[in-house]
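Read through the structure below, which is laid out as structure tokens, and then see the notes.
Please treat every number below as a calculation from the coordinates, not as lab data. Small disclaimer: the values here were computed from a predicted structure and weren't measured. No Cβ is skipped: glycine too gets one built from the backbone with ideal geometry, and neighbour counts run over all protein chains shown.
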């Protein structure tokens, strides 16, 4: 199985889309609400996706036959089924295969020591690594995110004294550093395809 670990903000939900949920919520309820409220219908809970970014994502999914696993924090604000329906409504050609687990549930000891440091990159790296360890049928994979989870970024910041892997970071990783371009940024698609096709 081929898997693309997908973040949303800065990847397919770009900076020009941020806050669009507030406009939708205001139209629906007359007030600005939080995405955390599960009582809010899913179509009003999340920001819109960028249409060109979705076109790029769909091309990748079609060319590779990959499944995608949501690693974005959006997974905390909706069920897998709700996320799937929302992704389809935004133009993604298929629903997500799964979501990664929550760091504090997977690694309670590490969460207790790291939670005040706000090391989101390290947490997300460990969530993805855990998912991969529990899915040995994965043959090709790549993580796409605007948080840098690469070995080059994470390894110098964390040592064995931090009680995590001696060389933390993802080897199959593509960074989307421009929040206005995300996955549609020049060269990003080609990097993703290299991991999923070779």
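If you take the beta carbon distance between residue 51 and residue 1 as r and set R0 to 35 Å, what does 1/(1 + (r/R0)^6) give as a FRET efficiency, to the nearest 0.05?
0.80
What do the square roots of 5 times the Cα gyration tensor eigenvalues come to for segment 38-91, in whole Å, largest first, as semi-axes of the equivalent ellipsoid?
21, 13, 9
Want the number for residue 134 to residue 80: 0.36 nm per residue separation, take away the alpha-carbon distance, what's left?
Between residue 134 and residue 80, full extension yields 17.6 nm more.
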